[in-house]
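In what follows, a structure is listed as structure tokens, so that the remarks can point back to it.
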Amino acid sequence: MILVSGYYGYHNSGDEAILAALCQDLNGLGVHSKEITVLSGNPAHTQKTHNVTAISRLNPFAVVDAIGHGRLLISGGGSLLQDATSWRTIPYYLSIIQMALAFGLKVVVYGQGIGPVKNRLYQRWIVNAFSRAAGVAVRDPGSAELLQDWGMDSHLLSIAADPVFGLELESEHSPESSGQTPGITINLRPYRHWDRDFPHWIQLIKGWLSAFELPVRFVALGPGDLQIGVALQRAIPQLSVIDAGHWRSALRLMGQNEICVSMRLHGVIFAALGGSLPIGIGYDPKIEVLGLQLGIPVYPAAPDIRLTNAIAGLLTDRASQLQQLSHSVAELRQRSEQNRRVLATVI
């Protein structure tokens, strides 16, 4: 049995897409889905969505039993190791890794983004755990640099890309499909100054509707997004609001319109994979890192008039921007294959 630990089962489309990519990689290496057991916040949903076995990540007896019967732990995908949102996050995921090592399981770190981590004790703990893993693949050079700054041997690290770039896509989801419709998609997630900024977001989106004469829709991708969309819609009746639900729906929706403005990391990735020109809103450093990888504009988490200017620029220069985006996506898709290579060497 292969055990998978991550932020799964919480109705976050980005994390669910990561799990889909991981299952795809394992299947490609000859591992049947029924051999995969996922630690999940909602085991029934995870089993139904991904056709795997799932147990509650909050049931210590079930987790220990699964580790005792496993042969490999994959600590996988997303920003699992950061102390910006909670001090409890890092201890949870590292404890799972350490428990697996104590039981004699091999451990693979799969496509993770590291940081921010301010606590030096956590930094040392991460390096200690990762140095004992059978394989470590991080999703960007910045994550590798952080680990090396904290004392990890560079020879133990592989630099890949976000696993979602490695998903096998249907033809209509590719940038080459050129099937985008005129319009702007926006995604916002809860952030620290949302209440203060709310009326300014209303004015900004109203300005888009007036200036560009294009439909604007809000797509909810994770916890808290839908409430934001509904609140905006009360003030802007022309704004349509869609709850993406399944990660495949999120991928399709974020790539449908010409322009996509997203605060969620995987909203930007979904848009880029689908051929919608993305603009990132950097509530977290990982958005800025992705912006550099894709060569797209990223602005601070605020209703900034520069977002309007960026949209105008992309609409004016859409053809060349699409060409550059397609090149960047192809490069990241190629780099994401390193995640599977690390798995392959261990399996």
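For the reader, a short list of remarks on this structure follows.
- With Cα atoms, 0 to 90° folded angle of helix 318-346 axis to the chain main axis: 10 degrees
- Calculated FRET efficiency for the pair S240/K48, C-beta based, R₀ 41 Å, to 0.05: 0.90
- 222 nm mean residue ellipticity, helices alone, for the chain (DSSP H n ≥ 4; -39,500 (n - 2.57); rounded to 500): -15000 deg cm²/dmol
- Whole-Hz ³J(HN,Hα) from phi, Karplus 6.51 cos²θ - 1.76 cosθ + 1.60, for region 224-238, glycine and proline x: x, 5, 4, 4, 5, x, 5, 4, 5, 5, 4, 8, 10, x, 6
- Distance in nm between pseudo-label sites at Y10 and I305 (7 Å out along the Cβ direction from Cα): 3.7 nm
- When you count the other C-beta atoms within 10 angstrom of each residue and take the mean per peptide, 337-344, 190-197 line up highest first as 337-344, 190-197.
- Global form of region 113-202, assessed from the alpha-carbon gyration tensor, a/c cut-off 1.5: oblate
- Theoretical FRET efficiency, 1/(1+(r/R0)^6), r = Cβ-Cβ of Q321 and S210, R0 35 Å, to 0.05: 0.90
- Taking the empirical scaling 2.2 N^0.38 Å for compact globular proteins as reference, region 1-42 has a Cα radius of gyration ratio of 1.11.
- Distant-in-sequence amide H partners of S79 (H built 1.01 Å from N, under 5 Å): G113
- For region 1-108, the extents of the C-alpha atoms along the principal axes are 36, 32, 22 Å, listed from largest to smallest.
- Rounded to the nearest 10 degrees, the angle from helix 194-212 to the longest Cα principal axis of the chain is 50 degrees.
- Accessible area per residue for the chain, computed on protein heavy atoms with a 1.4 Å probe, is 41 Å².
- Computed from label points 7 Å out along Cα-Cβ, the spacing between E288 and R120 is 2.3 nm.
- Across region 1-141, C-alpha contacts under 8 Å between residues 6 or more apart give a mean separation that, scaled by the residue count, equals a relative contact order of 23 percent.
- The candidates T46, T53, arranged from most to least accessible area with a 1.4 Å probe in the full protein assembly, appear as T53, T46.
- When a 1.4 Å probe is rolled over the protein heavy atoms, the share of accessible surface on the chain that falls to carbon and sulfur comes to 52 percent.
- With the whole protein complex present, T316 retains an accessible surface near 120 Å², based on a 1.4 Å probe.
- Share of pairwise Cα separations in region 256-338, more than 15 Å, in percent: 53 percent
- For peptides 274-283, 55-64, sequence by mean Cβ density within 10 Å, most packed first: 274-283, 55-64
- FRET efficiency, 1/(1 + (r/R0)^6) with R0 25 Å, evaluated for S328 and D153 via beta carbons: 0.25
- Region 65-223 - convex hull of the alpha-carbon atoms, volume per residue in Å³: 173 Å³
The values are calculated or read from the model by the stated rules, or taken from the named source; none is laboratory data. Note that the structure is predicted; figures quoted are calculated from it, not measured. FYI the Cβ positions are ideal-geometry reconstructions off the backbone, even for glycines, and counts take in every protein chain you see. Calculation scope for accessible area: heavy atoms of the full protein, side chains included, ligands and nucleic acids excluded. Shrake-Rupley method; radii C 1.70, N 1.55, O 1.52, S 1.80 Å.
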